[in-house]
Every structure is written in C-alpha cells, then in structure tokens.
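Trainee: To start, I am sharing the structure in question, which I have written as structure tokens.
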Amino acid sequence: MVDLEFFLEYYEFLKQEKEKGKKIIAYMSHDNIPEELIDAAGFIPLRLIFSGNDELMDKGADYLPTSTCSFALSTIGLFSVKPNKYRFLDLIDYFIVSNHCVSDICSSEIICKYFDIPRIDFYVPYILSENGLKYYRIELIEFKKKLEEIRGSSISNEDIINSIEKYNRFRRNISKIKYYDISGSDKLELYQKALLYGPKILELRDFNINNGGQIKIKNKKNVILTGCSIFLGDDLIEIIEEGDGNVIFLDTWVGDVYFSQTLEDNWLDQQKENDPFDILTEMFKRNTYTDHVVPNFIDYKIEKIVSIINNLKEKLGISNIGVINHIIKFCDHMSLPREQLKEKLQAKNYFVLNIERDYSRASHGQLSTRIEAFLEMI
Amino acid sequence: MSLMTDDVINFTSMLRMSYDFLHSGRKFNIKSNRKGKKLISVVFPFSDLVFAAKTIPIFPIRLEKFKVNTYLEALNSASGLFGWKAVSNFLGFIRKFDFLKVFDGIIDDVINSLNYKYNKMYDLGIEEGVSNDFCYGIKALYGMHSSRHNNLDANLNVIIRCSAFNKYYESLKRFSDNLIWLDIPPRNIGNALEICTENVKETISQLEKLTGNSITDNDLRKQFRISNECRELYREIIYEISNSDFYPCNPATFSEILALLSISFQDFNSNAETYLKNFRNLVKEMKERIRKKIGMDVSNRPRILLTPRFGGWEPESHNLIYKMGGRLLYADWEILGALENIDVYAYSDPIEAYAKFLMDITTKGVGCDNTALTDSYIRVARKMDVDGLIFIEVFGCHSISNCYTMLRQKVRNELEIPTTALTFNKIGENIEQVKTRLGAFMEMFN
C-alpha cells in the first residue's frame with residue numbers, strides 16, 4: 001500500500017505543475033473521460049481514485065443518503081474532512097461532472113456546489129451504438145470548447161494527436177505489467193501510481209522490473225480480481241495476500257480494463273491526418289469492457305474473464321485460478337449482475353466469490369474470513 | 001370502515017379505472033385474449049410507441065392475479081348488463097340501507113391487494129438474486145419479470161439517468177431475448193435532438209419487426225392526441241381540482257385517486273382509448289360533484305405535496321395526513337416532465353416531436369443532475385401552491401430520491417414552506433415511524 005511519502009511527492013508534483021500555470025482538472029475516476037483533451041489543453045487530469053474509511057463515509061452522508069456507494073460518499077468526505085495527506089485537493093481548479101454512474105453525477109455535483117469548485121460537464125451515452133457514438137462526439141466537441149474557454153486559446157488538432165499518441169504509449173507500457181512476476185499488491189500500486197501521474201510516470205519510474213521467473217506466483221493461490229476497482233489506500237489486496245492468495249490479474253478499471261485500451265500504431269498513423277475526434281470516438285467504441293454501457297456488459301465481461309484465464313494458463317502455466325468479484329456496497333454497476341456473473345462462471349467450472357463490502361473497519365474480520373475460506377477451496 | 005368507500009361508490013369512473021387496472025391486465029396471460037397482438041412490458045409513462053404499433057403495453061404487475069376481484073368482477077358483470085353508471089347508482093342507493101357492508105372494503109381492497117402484490121414481487125426480486133441494497137422499485141420490477149416473463153413478448157427499455165435502472169434493464173436478458181431499447185441523450189447539446197429522433201426511429205423499426213405492423217405518422221399522431229388529452233386532464237386534476245377549497249370526495253380518497261392515476265398512467269391500463277374515456281368521466285364527475293357540493297370542504301386543510309411516489313412510498317401516508325387535518329397530493333409525472341404535451345401539428349414530424357418530448361423529460365424534468373431535478377420539484381410545488389412538502393428517501397435509490405439536502409435548502413430559500421423527509425424501504429414496514437414523523441410535520445401547520 002502507498003505510504004505518506006507518496007502523497008507528499010504527489011502534492012509536490014501537482015504544485016510544481018500548477019506553478020507552471022497548468023490547471024488541475026479533477027474527476028471521479030472512470031474510463032471514458034478523454035484525458036487526451038485535458039492533456040492537449042496543457043492541463044493536468046487528476047483522477048480521484050482514493051478509497052475511504054468510516055469517517056469519510058460519515059461525512060459524505062451529510063450530503064447523500066447512507067445507501068449511496070461507499071466510494072462516492074468517501075470522495076465527498078475527502079473534500080469535507082480534507083485530511084492533511086490529501087491537501088493536494090486544494091490545488092484543484094475544475095471538477096468534471098460526469099455520468100459514469102448516477103452516484104458519479106450526484107457526488108461530483110455536490111463537490112462542485114458545496115466546495116466551490118467550478119464544474120465542467122461531460123456526459124457519456126449508455127448504449128454503445130452508432131448514435132451513441134455520434135452523441136459521444138458531440139460531448140467531446142463541447143468538452144474541448146470548455147477547455148479552450150478556460151485556457152483562453154484554441155487547442156490544435158496536432159496537439160490532440162500528440163496527446164493521443166502519448167497516452168497510447170503510456171497505456172501500452174503500463175499494460176505490460178499484467179504478466180510480470182510480481183505480487184498483486186505491487187501491480188496494483190504501479191497501476192494506481194500510473195493513473196495519478198499519467199504518462200509522466202514513464203519518466204519517473206522504471207517499469208522494466210520483470211524478472212522473467214514465475215516461481216513466486218506459481219506457489220500462490222491465484223485469483224483474478226474483477227468488479228469494482230481497488231482504490232488507493234484500500235487494503236483488500238493485502239487481506240487476500242495474508243490468506244496466502246495472490247491477485248494475478250486485475251480485471252478492473254484501476255487495472256487492465258483501462259490500460260488495455262490501446263490503439264495499434266499502424267492504425268493510429270493512418271488516422272493522423274483525420275479529425276482527432278474520430279480517434280477518440282473510436283476509442284470509446286472499442287471500450288466494450290467498460291461497466292458503464294448496456295446491454296452487453298455482462299456477456300463481454302464473462303467472455304473476457306474466460307479469455308484471461310486461458311491466457312494465464314497458456315502463458316504462465318498456472319491452473320486453478322479463482323475469480324473474486326469485488327463489489328463496493330451500493331455500486332449500481334457491479335451489484336445487480338453479480339449473481340448472473342457468478343452463475344455463468346460457475347457453470348464453466350470456475351471458482352467464484354462475490355464479496356460486497358464498504359470501507360468500514362468493522363467489516364474487515366468478516367471479509368478476511370470469507371476470503372480465506374474461498375482461497376482454501378482453490 | 002374504509003375512509004374511501006362512501007366516496008367511491010358513486011364514482012363510476014373511479015370504479016371502472018380500478019377494475020381495469022386490476023383486471024384488464026391479467027387476461028393477457030392467456031394468449032388468445034391478446035388477439036394476435038404482442039404483449040410488451042413498459043415502465044414509466046413511455047407507452048405511446050407501443051400503442052402506435054397497435055399492440056399491448058403492460059406494466060407487468062398488472063399480469064398478476066389480485067386477491068380482491070370477486071366484488072369488482074361482480075360489479076363488472078353487472079355493468080355489462082346495466083352499465084357502470086347504473087351499477088354505481090344502485091350501489092349508492094343500497095348503501096343508504098346499509099345492506100351490503102361487503103362493499104365497504106372495495107377500494108381499500110384494491111389498494112391493499114396492490115400493495116400486497118408489490119411486496120410479494122419485492123420479495124421475489126430478492127429471492128431471484130437482486131441485492132437487498134437496491135431500491136424498492138427495482139426489486140419489485142425484477143420480481144414482476146421473474147414471475148411473468150413467459151407471458152411477455154418483449155420489454156421496452158427506455159434509458160434514463162439512473163445507472164441502476166439501466167443495469168436492471170440489462171438484467172432482463174435473463175428472462176427475454178427481446179429487449180427493445182430507446183436511448184435518450186443525457187443533454188440537449190449540438191444535434192442531440194437529431195440523434196434522439198434517430199433513436200426513436202430505430203425503436204419504431206424494432207417494434208414494427210416484432211409486431212409485423214407498420215407505424216405511420218398518423219398512427220403516432222392519433223396516439224399522441226389521446227395521450228395528450230390524458231395529460232391535459234391529469235394536469236387539470238393536479239393544478240385546478242386539487243387546488244380548490246371543496247373536494248369531490250374526502251382528501252384521502254382524492255390522494256388515492258392520484259396514486260391510482262400515477263400507477264395506471266404508465267400503460268394506460270393497456271387500452272389508451274378506454275383510459276381516456278374514463279379519465280374524461282373522472283374529471284367530469286369530479287367537477288359535477290364539486291358543483292353540487294357533494295364531497296368535502298377542505299379549505300382549512302393544508303395541501304401537502306409528497307414526492308417521489310413512484311419508486312415506492314408508504315400508501316398509509318395519505319390516510320395519516322387526512323387524520324391529522326391535511327390533504328396529501330401526488331404529482332410525480334408532472335414533476336418529471338412527463339405531462340408535457342407532444343406536438344401533433346399536421347406539418348410537424350411526430351417522431352421528432354416524440355424525441356423532443358423525451359429529451360425535455362431527460363434534460364428539464366428528471367434532469368441530467370440534481371440541480372435540474374430539484375428545480376423541477378420546486379417549479380411544480382410553486383405552481384401547485386402547496387403548503388408543505390414531504391420528500392421520500394427510498395432506501396437504495398441513488399438517482400431521484402437522494403437529493404434531499406439540496407432540495408431542503410432550495411425549499412427554504414425559494415418556497416419558505418415546511419418540509420420533511422421520510423425514509424422508505426418496504427410498504428408497511430415502518431408505519432409507526434411514519435406516523436411519528438408526519439405528526440411532527442403536521443404540528444407545523446397548527
């Protein structure tokens with residue numbers, strides 16, 4: 001898990017960028033925000049990927065009912081409590097209100113309204129159809145206009161293409177870690193840090209850390225983690241490792257779902273002369289694993305999990321891989337289809353555990369017991 | 001004794017609507033009763049396209065068998081011979097002699113049986129794997145589909161801003177391969193209206209394919225005219241009749257009528273023309289009763305708006321408010337923008353008109369965020385000139401009923417009327433608590 005020093009470093013990083021005149025654009029993290037446009041505008045995207053605790057959830061409940069997702073409540077709580085290590089939140093200039101889920105809308109709106117942060121709207125269609133893509137394009141255009149208004153000058157197509165290439169390289173590089181012979185918690189930490197720093201992380205850290213061996217992970221009880229992301233500060237992955245398990249693959253947004261969204265270089269080269277909005281729209285179209293869209297999310301999800309397991313077996317020679325479906329309490333996207341996901345995977349003879357939890361300390365014991373019992377089955 | 005029976009027994013239109021609501025859906029479980037038409041489940045007031053496809057929309061709870069029907073069915077049989085009005089007059093006459101106490105419970109039974117069934121569907125939804133953490137509406141709807149999916153030919157899924165609801169739509173794939181989707185862009189920017197129009201066209205094509213019927217502009221206009229008139233009548237009840245000092249019945253009955261209208265408005269009891277006829281009669285009867293001073297002077301009773309109701313609420317609330325000296329009003333569809341008329345001018349494109357109607361609901365009524373949604377609550381409360389507002393915080397609702405903090409502030413600043421929030425999980429679960437909270441709230445009017 002990241003330490004206090006990381007937060008201090010991150011604060012310094014943002015502060016320096018801000019001193020260069022860059023604006024900090026924050027948002028409740030999701031995978032359909034066109035961060036390439038934020039980057040092309042010369043601004044810094046700040047993904048709010050911080051987990052919560054009892055105090056933060058309680059504070060969030062001053063604004064939304066307690067039956068709101070724990071992540072959303074905690075994110076509001078962060079702005080209300082402002083714990084010292086999160087003082088970089090004071091550097092935020094704008095906040096994106098988006099509709100990854102309805103709790104995203106409501107909590108982002110509250111953060112803007114009650115903590116005086118100017119808002120930028122960016123809404124995403126729910127159905128991935130031709131018309132949905134056309135609508136996504138309109139949102140992109142509006143979003144660019146807003147960014148241009150903030151920066152006081154236009155954003156060139158060339159700058160957008162450059163940012164698209166930059167983020168493409170970034171995602172591709174980071175995505176390599178999925179087959180590294182390192183523990184799940186180390187992978188997660190790299191993913192989380194990469195999401196916060198963006199492409200800059202490639203300059204700051206060495207990602208060539210694969211030792212080529214597979215002994216460590218072979219001796220563990222390996223699981224794929226799917227469902228809700230594990231956010232920064234959450235010790236769920238440590239609980240799994242304490243039970244002698246290892247998260248071999250993070251099939252979550254903070255993980256492979258985001259970093260696997262890469263474009264082929266050839267294709268990208270061919271598009272360079274075209275409208276960059278076409279490329280961004282194409283990226284949205286290809287993002288079929290996002291939990292935002294309907295009506296085929298669960299079908300795609302199951303297909304992907306099966307393919308991950310087959311790949312892991314083939315590449316690493318590991319059998320007996322379990323699936324942990326992580327559901328943050330009151331999550332609209334992951335909670336409703338949990339039984340369908342479990343039934344369908346179990347029908348294919350996979351071990352599946354649905355764990356639904358919030359960020360309260362009290363739930364840790366029970367969580368630990370359930371995970372240990374599940375790992376024993378593998 | 002029921003609070004309402006005395007009022008309703010002479011209310012032909014009310015009896016007829018209640019009967020249609022409870023009975024006319026169930027018959028569609030038998031395929032031959034559909035006369036070759038397809039049965040399409042709908043939720044929220046989005047049944048127009050299904051009617052235009054000359055087929056049957058149904059809010060799926062209406063496929064259930066309700067407990068009460070013995071008396072109402074007897075009434076219906078009698079009405080077949082003598083007409084509803086004659087039956088109603090006869091009932092009114094014999095009630096004077098107190099012969100048939102059995103009728104005391106008719107409307108109570110209608111409501112109780114509906115609530116009982118809602119709770120059964122809720123339990124079934126949980127049994128079928130819906131997490132307890134979802135709202136009452138989703139759990140109950142999932143239960144309804146689980147119970148009757150074999151009898152449905154398709155489901156019309158209209159995308160709304162609630163992500164849980166959109167995922168609920170997806171979950172219906174478990175029961176049906178025929179999910180007909182209608183996507184509404186979240187904001188009216190750029191050429192979003194054009195996109196929405198394309199989406200409506202796509203939905204129409206799917207309905208045509210399913211039913212084998214073509215949907216012409218005239219079919220659409222005809223249906224929109226019917227539903228527009230229903231909307232106008234509905235608004236007349238909300239803004240004019242509910243605002244008068246004399247009610248055609250006691251205020252609890254009036255609330256009951258508003259609740260029944262709200263539920264039945266989703267599928268027009270599967271027959272738009274009959275529904276309109278009953279609606280016209282209802283408004284006419286209400287006005288006549290007011291004119292003849294049949295009913296109740298309510299001038300000294302504060303008018304309380306309760307919202308949102310459609311995601312689940314405690315139906316006992318209006319009886320409690322009545323006993324505490326107030327009158328409770330429901331107006332969800334107006335708040336959410338679903339009672340706006342659809343343009344039916346001869347030269348306008350009806351598909352685009354319907355798209356505009358849907359986009360207005362999304363952007364102005366429900367709103368793409370809580371700022372817009374709370375503005376809608378305020379707009380209607382102001383227009384209705386209510387004296388107080390009760391907000392229902394449905395457990396597990398992350399969309400429509402989670403904005404009380406924002407709403408309370410706006411009510412205080414802009415309306416300056418008393419307001420309170422009631423939490424709701426399941427019908428009948430917390431009546432004592434509701435009673436206590438409503439009691440404290442009503443104290444503010446004494």
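The values are calculated or read from the model by the stated rules, or taken from the named source; none is laboratory data. All figures in this text were calculated on a predicted structure; none of them were measured in a lab. Quick reminder, even Gly has a Cβ in these numbers, built from the backbone with ideal geometry, and neighbours come from all protein chains shown.
Trainee: Given the conditions (1) crowded, with 22+ Cβ neighbours inside 10 Å; (2) at positive phi, which single one is not true for B:Lys167?
Mentor: Going through (1) crowded, with 22+ Cβ neighbours inside 10 Å; (2) at positive phi one by one, B:Lys167 breaks only (2).
Trainee: Run down A:Tyr300, A:Tyr350 and say which single residue is part of a loop (DSSP other than H, G, I, E, B), closer than 30 Å to B:Asn178 by Cβ and not basic (Lys, Arg).
Mentor: One residue alone meets the criteria, A:Tyr350.
Trainee: May I pose another question? Among helices (runs of 4 or more DSSP H) lying entirely in the range B:332-446, which contain 3 or more residues that are more than 14 Å from chain A (Cβ to nearest Cβ)?
Mentor: B:332-335, B:350-360, B:370-384, B:431-443
Trainee: Quick one: would you say B:Glu316 is modelled with pLDDT under 95, under 30 Å from B:Ala440 (Cβ atoms), buried (at least 20 other Cβ atoms within 10 Å of the Cβ) and of a type in the set (Asp, Glu)?
Mentor: no
Trainee: Quick one: is B:Ser205 part of a helix (DSSP H, G or I), on the phi < 0 side of the Ramachandran plot, touching a helix residue (DSSP H, G or I) at 6+ places or on another chain (Cβ under 7 Å) and surrounded by fewer than 22 Cβ atoms within 10 Å (Cβ to Cβ)?
Mentor: No; evaluated as a whole, the condition is false for this residue.
Trainee: OK, next. For the range A:76-94, enumerate the residues that are within 14 Å of chain B (Cβ to nearest Cβ) and surrounded by fewer than 24 Cβ atoms within 10 Å (Cβ to Cβ).
Mentor: Listed by number, the list holds a single entry, A:Ser80.
Trainee: Something else: Would you mind finding the one in A:Ser129, A:Ser103, A:Ser154 that is more than 15 Å from A:Ile24 (Cα to Cα), surrounded by fewer than 22 Cβ atoms within 10 Å (Cβ to Cβ) and facing chain B (nearest Cβ under 8 Å)?
Mentor: Just a single option satisfies the conditions, and that option is A:Ser129.
Trainee: Something else now. Pick from A:Leu46, A:Leu37: which is within 27 Å of A:Glu238 (Cβ to Cβ), modelled with pLDDT of 95 or more and buried (at least 18 other Cβ atoms within 10 Å of the Cβ)?
Mentor: Result: A:Leu46 is the single residue among A:Leu46, A:Leu37 that is within 27 Å of A:Glu238 (Cβ to Cβ), modelled with pLDDT of 95 or more and buried (at least 18 other Cβ atoms within 10 Å of the Cβ).
Trainee: Against the condition more than 14 Å from every other protein chain (Cβ to nearest Cβ), small (Gly, Ala, Ser) and part of a helix (DSSP H, G or I), how does B:Ser214 come out, does it pass?
Mentor: Numbers: more than 14 Å from every other protein chain (Cβ to nearest Cβ): yes; small (Gly, Ala, Ser): yes; part of a helix (DSSP H, G or I): no.
So B:Ser214 fails the test.
So that you can scan it fast, the table gives a plain yes or no per residue for (1) farther than 30 Å from B:Ile294 by Cα; (2) of a type in the set (Gly, Ala, Ser); (3) buried (at least 21 other Cβ atoms within 10 Å of the Cβ); (4) out of contact with any Gly (no Cβ under 7 Å at 6 or more places or on another chain):
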position	(1), (2), (3), (4)
B:Ser214	yes, yes, no, yes
B:Arg235	no, no, no, yes
B:Tyr239	no, no, no, yes
B:Tyr247	no, no, yes, no
B:Phe254	no, no, yes, yes
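Trainee: Taking the criterion of being farther than 25 Å from A:Lys329 by Cα and modelled with pLDDT of 95 or more, would at least one residue in the range A:58-73 satisfy it?
Mentor: Of all residues in the range A:58-73, those farther than 25 Å from A:Lys329 by Cα come to none.
There is no residue in the range A:58-73 that is farther than 25 Å from A:Lys329 by Cα and modelled with pLDDT of 95 or more.
Trainee: Continuing with this model, one more query. In the set B:Arg382, B:Arg408, B:Arg412, which member is in contact with a helix residue (DSSP H, G or I) (Cβ under 7 Å, 6 or more places away or on another chain) and among the basic types (Lys, Arg)?
Mentor: B:Arg382
Trainee: Something else about it: Across the range A:100-130, which residue is farthest from the chain's Cα centre (by Cα) among those that are without any contact (Cβ under 8 Å) to a residue 60 or more places away in the chain and in a strand (DSSP E or B)?
Mentor: A:Arg119
Trainee: Given the conditions (1) in contact with a Leu (Cβ under 8 Å, 6 or more places away or on another chain); (2) assigned to a strand (DSSP E or B); (3) within 28 Å of B:Tyr136 (Cα to Cα); (4) away from chain B (no Cβ under 14 Å), report the number of the one that A:Leu367 does not fulfil.
Mentor: With (1) in contact with a Leu (Cβ under 8 Å, 6 or more places away or on another chain); (2) assigned to a strand (DSSP E or B); (3) within 28 Å of B:Tyr136 (Cα to Cα); (4) away from chain B (no Cβ under 14 Å) applied to A:Leu367, the lone miss is (2).
Trainee: Look through A:Glu356, A:Glu343 and report the one residue that is within 14 Å of chain B (Cβ to nearest Cβ) and free of Cβ contacts under 8 Å to residues at least 24 places away in the same chain.
Mentor: Working: A:Glu356 fails: free of Cβ contacts under 8 Å to residues at least 24 places away in the same chain.
Testing whether each residue is within 14 Å of chain B (Cβ to nearest Cβ) and free of Cβ contacts under 8 Å to residues at least 24 places away in the same chain leaves just A:Glu343.
Trainee: Taking the residues in the range B:141-190 that are more than 8 Å from every other protein chain (Cβ to nearest Cβ) and in contact with a His (Cβ under 8 Å, 6 or more places away or on another chain) as candidates, determine which candidate is nearest to B:Ser131 (Cα to Cα).
Mentor: It comes out as B:Leu172.
Trainee: Another question about this same structure. Return the residues of the range A:49-74 that are within 14 Å of chain B (Cβ to nearest Cβ), assigned to a helix (DSSP H, G or I) and either of a type in the set (Ser, Thr, Tyr) or buried (at least 24 other Cβ atoms within 10 Å of the Cβ) (or both); say none if nothing qualifies.
Mentor: Of the residues in the range A:49-74, the ones within 14 Å of chain B (Cβ to nearest Cβ) are A:59-73.
Filter once more, so that each one left must be assigned to a helix (DSSP H, G or I): A:59-60, A:70-73.
The answer is A:Gly60, A:Ser70, A:Phe71, A:Ala72, A:Leu73.
Trainee: Tell me, which residue of the range A:294-338 that is small (Gly, Ala, Ser) and more than 11 Å from chain B (Cβ to nearest Cβ) is surrounded by the most Cβ atoms within 10 Å (Cβ to Cβ)?
Mentor: So the residue we want is A:Gly322.
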